[in-house]
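Participant: What follows is a structure written as structure tokens; I'll ask about it next.
The values are calculated or read from the model by the stated rules, or taken from the named source; none is laboratory data. The model shown is predicted, which means the values in this text are computed figures rather than measured ones. All Cβ positions, even for glycine, are placed from backbone atoms using ideal geometry, and neighbour counts span all protein chains on display. Side chains are part of the model used for accessible areas, which takes the heavy atoms of the whole protein and leaves out ligands, DNA and RNA. Shrake-Rupley method; radii C 1.70, N 1.55, O 1.52, S 1.80 Å.
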Amino acid sequence: MKPDTPNHNERNVVWLTSLISREQRERTSGHRGLVVWLTGLPGSGKSSIASATQAQLHAQGYQTVLLDGDNLRHGLCADLGFSMEDRHENVRRASEVAKLFLAQGFVVLVALVSPMRSAREQARQCIGADDFMEVWCQCPPVVCASRDIKGHYAKAKCGVIADFTGVSSPYEEPLLPTLALDTAAQTIDESVAQIIDFLTLVRPEPEQRARAPENFHG
């Protein structure tokens, strides 16, 4: 059970402002920070696409970090189950971590089922709409199940696994995603290319790097 969280004033918590601004970090790296939030059913390709995207961005000189849902549940979110309450808390924690990396000018790739629109909207509000890119890995459940080498879909249908998204727990599709990837029809490389093409639009050319912050973000 998660403890009640007192407000900041009750805990005497004061935010520490970095001596190095996000804009300064972005000028140094030559690109703006952004949170790329990949959502979709289990087996829709989120982690594979996020990992491949990170590799390409790294090769191009981007400062990146990948927050994968399974990895988070091994540590930061190890105390959470799969009830709706815990799923919302899982998204909240991921959002706060993503926000911290964003403040350092990173491109943050988040691969998380995050099945409920309300939780994803809270993530958008936490991070900021201008810095939040929602990417929907759109894939029918039957295709996701066919890729499931761990057999989770079959176990969920038999009742062995409870609260499994797409079988015994709902998934609410994004209404207006920044990008919708047809991961049932296209390859991982094709999906990555779509994301890279979008990010290229928000990366300044080298001669722009020394300009004022108001011109930096396009």
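Residue-by-condition table, conditions (1) modelled with pLDDT of 95 or more; (2) touching a strand residue (DSSP E or B) at 6+ places or on another chain (Cβ under 6 Å):
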{"site": "W37", "(1), (2)": "yes, yes"}
{"site": "G40", "(1), (2)": "yes, yes"}
{"site": "S44", "(1), (2)": "yes, yes"}
{"site": "I49", "(1), (2)": "yes, no"}
{"site": "Q60", "(1), (2)": "no, no"}
{"site": "L67", "(1), (2)": "yes, yes"}
{"site": "D79", "(1), (2)": "yes, no"}
{"site": "S83", "(1), (2)": "no, no"}
{"site": "E89", "(1), (2)": "yes, no"}
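Participant: Can you tell me which residue in segment 193-211 is modelled with the lowest pLDDT, limited to those that are surrounded by 13 or more Cβ atoms within 10 Å (Cβ to Cβ) and in a helix (DSSP H, G or I)?
Facilitator: That would be Q208.
Participant: Moving to a separate point now. Return the pairs, sorted by first residue and then second, in which the second residue is surrounded by 13 or more Cβ atoms within 10 Å (Cβ to Cβ) and among the β-branched types (V, I, T), the first residue lies in segment 161-174 and is touching a residue at least 40 places away in the same chain (Cβ under 8 Å) and within 11 Å of S83 (Cα to Cα), the beta carbons are less than 9 Å apart, and the residues are 6+ apart or on different chains.
Facilitator: So the pair list comes out as T165/V113.
Participant: Let me ask something else. One residue is enough: does segment 178-192 have a residue meeting the conditions assigned to a loop (DSSP other than H, G, I, E, B), open to solvent by 70 Å² or more (accessible area, probe 1.4 Å) and at pLDDT 95 or above?
Facilitator: Yes: segment 178-192 contains one or more residues that are assigned to a loop (DSSP other than H, G, I, E, B), open to solvent by 70 Å² or more (accessible area, probe 1.4 Å) and at pLDDT 95 or above.
Participant: Next up: Are any of the residues in segment 36-54 of a type in the set (S, T, Y), over 21 Å from T178 (Cβ atoms) and surrounded by fewer than 18 Cβ atoms within 10 Å (Cβ to Cβ)?
Facilitator: No, there is no match, as no residue in segment 36-54 is of a type in the set (S, T, Y), over 21 Å from T178 (Cβ atoms) and surrounded by fewer than 18 Cβ atoms within 10 Å (Cβ to Cβ).
Participant: Let me ask another. Working only within segment 67-99, note down all residues that are open to solvent by 50 Å² or more (accessible area, probe 1.4 Å) and under 13 Å from the mean Cα position of the chain (by Cα).
Facilitator: Across segment 67-99, the qualifying residues are D70, N71, R92, E96, K99.
Participant: Here are the criteria: (1) open to solvent by less than 10 Å² (accessible area, probe 1.4 Å); (2) at pLDDT 95 or above. Tell me which single one T165 does not satisfy.
Facilitator: For T165, the exception is condition (2).
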